[in-house]
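The values are calculated or read from the model by the stated rules, or taken from the named source; none is laboratory data. Small disclaimer: the values here were computed from a predicted structure and weren't measured. Because the Cβ atoms are built from the backbone with ideal geometry, glycine has one as well, and the counts that use them run over all protein chains shown. When the accessible area is computed, the model is the full protein with side chains, heavy atoms only, and any ligands, DNA or RNA have been set aside. Shrake-Rupley method; radii C 1.70, N 1.55, O 1.52, S 1.80 Å.
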Amino acid sequence: MTAITYTDVTKRFKGANMNAVDHVSFSVEAGEMVMLVGTSGSGKTTLMKMMNRLYTADSGTVSLFGEDIAKKDPVALRLSIGYVIQQIGLFPHMTVYDNIATVPKLLKWNKEKIAARVEELLKLVNLDPKEFYRRYPAQLSGGQQQRIGLARALAADPAVMLLDEPFGAIDAINRRNLQDELLRIHQKDQKTYLFVTHDITEAVKLGSRLLIMHEGKVQQYDTPEEILKHPANEFVASLMEGVT
Ligand SMILES: Nc1ncnc2c1ncn2[C@@H]1O[C@H](COP(=O)(O)OP(=O)(O)OP(=O)(O)O)[C@@H](O)[C@H]1O
Ligand SMILES: [Mg+2]
């Protein structure tokens with residue numbers, strides 16, 4: 001089953017002299033973890049934000065399980081997609097518990113169901129519920145905040161997860177731990193992930209396929225093994241030199 005399809009999607013911001021995303025087409029099978037990599041400004045975040053309609057494509061279509069997202073209610077669409085980003089992250093005035101419970105509350109789950117889900121998610125991301133329930137984001141390390149961000153995004157069991165440099169600001173050791181945890185979670189939940197990273201080693205480790213972007217265009221879309229063996233062009237070859 002195909003989860004995500006971009007068909008000839010183009011986006012240019014007002015006043016810009018080139019397309020941020022330029023005639024991009026690709027599809028993602030359900031259960032894949034596709035890694036978006038490429039130079040800064042190559043359009044990765046823009047591409048991702050057209051999935052949950054934070055941005056609208058100028059032309060082309062984005063579909064989720066065969067349905068054009070332009071025809072869906074944007075609020076319902078966003079509630080059905082998990083979204084984790086590096087900077088803004090958690091709601092600072094809310095406890096860990098309330099952060100994770102955000103979407104289930106919006107979906108009007110009952111209290112018992114929410115409590116059980118929050119406990120389950122904290123265990124899933126390797127944090128002791130009793131210790132962390134009542135803390136505020138400012139009382140957590142960066143790595144712990146990202147774990148809570150991941151738990152919050154997973155809360156209502158979305159079929160698709162979007163992660164935009166979720167581990168960008170985390171030290172190498174914690175980053176590797178989080179990668180291992182994400183792999184374990186993915187093996188269990190088999191959700192469809194789109195994941196942006198600047199770390200090419202992370203991309204090769206986690207990705208079922210890599211989507212390599214430069215200047216708004218897809219340079220290559222294939223498995224890590226194929227891309228390492230047969231880079232499509234000079235740009236891809238030099239990017240892959242960074243793999244350790
Ligand atoms: N809201 C916006 N308004 C105007 N231009 C924008 C906006 N968002 C992004 N752009 C421009 O679109 C292009 C693509 O940006 P985008 O954020 O998608 O890149 P990126 O690949 O995510 O980069 P990075 O790796 O640095 O996060 C850039 O030239 C950027 O300046
Ligand atoms: Mg970005």
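Observations, loosely collected:
Listed here are the residues, each with its yes/no results for (1) out of contact with any Ser or Thr (no Cβ under 6 Å at 6 or more places or on another chain); (2) modelled with pLDDT under 95.
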| position | (1), (2) |
| --- | --- |
| 167 | yes, yes |
| 170 | yes, yes |
| 177 | yes, yes |
| 184 | yes, yes |
| 187 | yes, yes |
| 201 | no, yes |
| 208 | yes, no |
| 231 | yes, no |
| 242 | yes, yes |
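- Among the candidates 84, 118, the residue that is under 21 Å from the mean Cα position of the chain (by Cα), more than 16 Å from ligand 2 (Cβ to nearest atom) and under 25 Å from residue 186 (Cα atoms) is uniquely 118.
- Check on residue 39, open to solvent by 10 Å² or more (accessible area, probe 1.4 Å), of a type in the set (Ser, Thr, Tyr) and within 16 Å of ligand 1 (Cβ to nearest atom): yes
- Residues being within 19 Å of residue 160 (Cα to Cα), open to solvent by 50 Å² or more (accessible area, probe 1.4 Å) and part of a loop (DSSP other than H, G, I, E, B) - total across the stretch 1-34: 1
- Unmet criterion (only one of (1) surrounded by 13 or more Cβ atoms within 10 Å (Cβ to Cβ); (2) more than 30 Å from residue 19 (Cα to Cα); (3) modelled with pLDDT of 95 or more) for residue 147: (3)
- Taking the numbered list (1) in contact with a Lys or Arg (Cβ under 8 Å, 6 or more places away or on another chain); (2) modelled with pLDDT under 95; (3) over 30 Å from residue 242 (Cβ atoms) in turn, residue 76 passes all entries but (1).
- Taking (1) part of a strand (DSSP E or B); (2) within 21 Å of residue 197 (Cα to Cα) in turn, residue 63 satisfies each apart from (2).
- Residue 67 vs. criteria closer than 23 Å to residue 224 by Cα, out of contact with any Leu (no Cβ under 6 Å at 6 or more places or on another chain), among the acidic types (Asp, Glu) and surrounded by fewer than 17 Cβ atoms within 10 Å (Cβ to Cβ): no
- Residue within the stretch 156-173 that is buried (at least 19 other Cβ atoms within 10 Å of the Cβ) and part of a helix (DSSP H, G or I) present: no
- Per this entry, residue 198 is counted among residues that are within 16 Å of ligand 2 (Cβ to nearest atom), surrounded by fewer than 16 Cβ atoms within 10 Å (Cβ to Cβ) and closer than 29 Å to residue 65 by Cα.
- The residues in the stretch 190-203 that are in a helix (DSSP H, G or I), away from ligand 1 (no atom under 13 Å from the Cβ) and touching a residue at least 60 places away in the same chain (Cβ under 8 Å) can be counted, and the count is 1.
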